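Asks: This is the structure, below, for whatever I ask next.
The values are calculated or read from the model by the stated rules, or taken from the named source; none is laboratory data. Worth saying up front: this structure is predicted, and the values here are computed from it rather than measured. All Cβ positions, glycine included, derive from the backbone under ideal geometry; neighbour counts span all protein chains shown.
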Amino acid sequence: MRTAILFVVLLMLPLIARTDELPELGDVSRTTITLQQERQLGESIMRQIRSSPQYLDDPEVTDFVSTLGYRLVANAPNVEQQFEFFVIQDSTVNAFALPGAFIGVHTGLITTAQSESELAAVLAHEVGHVTQRHIARLFTQQKQAGIASMAALALAILAARSSPDLAQAAVAGAQYAMFQTALNFTRDNEREADRVGVQILEKSGYDPHAMPAFLERLQRSYRLYETNAPSYARSHPLTYERIADVQNRVQEIPYRQVPDSLQFQLVRARLHARDLRPRDAVAYFEDLLTEKKAVTDVPARYGLVMSLLRANDTRRATDEMRALLAAAPDSPMVAALNGRTKSAAGDIRGALDFYAGAMKRFPRNRALIYDYARLLIDTKRGADALRLTTAALGNVHSDPRLYTLQAEAYGATGQRLQQHRAQAEAYALSGSLPAAIEQLQIGLRAGDGDFYQLSSAEARLKELRAQDADQRKEQHR
C-alpha cells in the first residue's frame, strides 16, 4: 500500500473562493460561521465517520491519543471549543482537523513517528488550525454547501485514502478541482499552524525540535513517490520554505531530551500486534525480545502476550503475562491485558476478582470498564454491569459501546424500555438515526417503565425524528 504523506488534510473543502477574499490570518471577526454551526457540522461528519469500517474503536489507542491531545490543548491559545480526538485505521501517515474541533489521527502516523514528541508535533499543528479558526474561515467562503454534501465528500476522501483512482472518483469533477485548489491556498495557514504548534509543544513539555525533524523525514519520503501520488497529495504545501521557517523558529529553543512515555510505546506495540497475522506477530515480538535492542522489554512483551492471545495460545500468554506484570505493575494497559488473559484462560473467578480490584486503581479506564462489563453480563451479573456502565456514562456521554453494554445490562435485568432507550443512544452516536428511532419505538411499546422514563423516551424520540428530518432535507438540497 502506497504511503500518502499528508501532514494535514482539511477534508471538507468542496468549494473555496479566491485567495484575495480570505480574511487576514488571526482575524476571526470576518468569519460568519459560528462555533455552534461548526460543531453541528463536525458532529454530522463524525456520526458518519463513526459508522465507517476505518474508524478505530480501540479505547486504549484512543485514550492515549486523547490524553496527549488534551495536554496540548491545555497549553494552546484561543481555545473556544471542546476538542475530541479519534483514530482512523489506516497505514498512511496523516492527521486532520474537522470543523468543531474534531481531530483525527491515522494509525500509520502513530507507528511511523520515531518519538512521542514527533506525534505531539503533528497534533499541535492540528490544534493550531482549530484555535486559529482556519477551517471556519475556509468554510465561510462557501455558504451554499450543505452539511450532507460536505460530510459525504469527507467520507469519500477518507475511504479512498490509499487509492488515487478511488480518490478521483470520489471527488470527481468540479468538487475535486476545487478541493485541490483549496489545498494550494492554505500555505499561510500551514505556516501559522506551525508557529502556534511550536509554542504549544514547548509549553506542553515536548521537544519542539521534533517538528522540523519529522517534516524533513516526510519530505524525503514524499520525493520517493510524488509522481504517483494523487493530485491532492501533490498539491499539499510541504515545502522547503515551510521546513526552513519551522527550523528558524526552534533554533533558539534549547534542546532537551524528552523520554517517550510507556503508554506511547505500548500503543505502538498494540497497533503492530493488530496489523500482523497472529503467528507473524508472535514471531515479530519474539525477535524483538531476543535482540534486546530496546531500553525496556515491556512493549515487546506486551505485544507478544497480545499476539499469543490472538493465536489462542493462552497457556504461554499466561506465562508471559507474569513477566509483564512484574515489569510494569502500574500500567492500566497491562492491567487490561491481564484481565483478558485470565478470561481467555478460563479463570473467570480470578478475572472477576482482578477486575474488581483494577477498577479501584483505574476507575475511568475505558478498556477495563468494557471488559469488566462484558464479563459481568456473560456471567449473569446484569445488575452489577448496569451499575458499572451507568456510572461510567456519568463521566462519558458520547460512547456508543458503553451504551450498547448498558443496553445489554438493562436487558439482563428485564428493563425493556431502558434497554431499547440505551441502544437507541448507541445507534444515534454511531450515525444511524433511523435505527435509533426504531429502538425507541420498540421500547415505548414494551409496556414497562415509569412515568418519568416514558416521558423522557418520548421526548428523545421527538428530538431524533427532528434530527433525521433535518438530515433528509440536507441530502436533497
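Asks: Residue by residue through segment 399-421, note down the ones that are more than 18 Å from A383 (Cβ to Cβ) and surrounded by fewer than 20 Cβ atoms within 10 Å (Cβ to Cβ).
Replies: P400, R401
Asks: Take T389 and decide whether it is surrounded by fewer than 21 Cβ atoms within 10 Å (Cβ to Cβ), in a helix (DSSP H, G or I) and of a type outside the set (A, V, I, L, M).
Replies: no
Asks: Still on this structure, please answer the following. Go through (1) under 21 Å from S52 (Cβ atoms); (2) part of a loop (DSSP other than H, G, I, E, B); (3) free of Cβ contacts under 8 Å to residues at least 12 places away in the same chain and name the single condition A435 misses.
Replies: (2)
Asks: I'd like the residue in segment 205-219 that is out of contact with any Ser or Thr (no Cβ under 9 Å at 6 or more places or on another chain) and within 16 Å of P254 (Cβ to Cβ) and, out of all such residues, is surrounded by the fewest Cβ atoms within 10 Å (Cβ to Cβ).
Replies: Among them, the one singled out is G205.
Asks: So, restricting to helices (runs of 4 or more DSSP H) that lie completely within segment 112-227, which ones have at least 1 residues that are modelled with pLDDT of 70 or more?
Replies: 116-131, 134-140, 187-204, 210-225
Asks: Taking the options Y370, Y410, name whichever one is of a type in the set (F, W, Y), outside the structural domain of F86 (by TED's automatic domain parsing), on the phi < 0 side of the Ramachandran plot and in contact (Cβ under 8 Å) with a residue 60 or more places away in the chain.
Replies: Y370
Asks: Mind listing whichever residues of segment 366-384 are hydroxyl-bearing (S, T, Y) and closer than 12 Å to I348 by Cα?
Replies: Y372, T379, listed by residue number.
Asks: Separate question: Is it the case that some residue within segment 309-318 is over 18 Å from F264 (Cβ atoms), in contact (Cβ under 8 Å) with a residue 24 or more places away in the chain and crowded, with 21+ Cβ neighbours inside 10 Å?
Replies: Within segment 309-318, one or more residues are over 18 Å from F264 (Cβ atoms), in contact (Cβ under 8 Å) with a residue 24 or more places away in the chain and crowded, with 21+ Cβ neighbours inside 10 Å.
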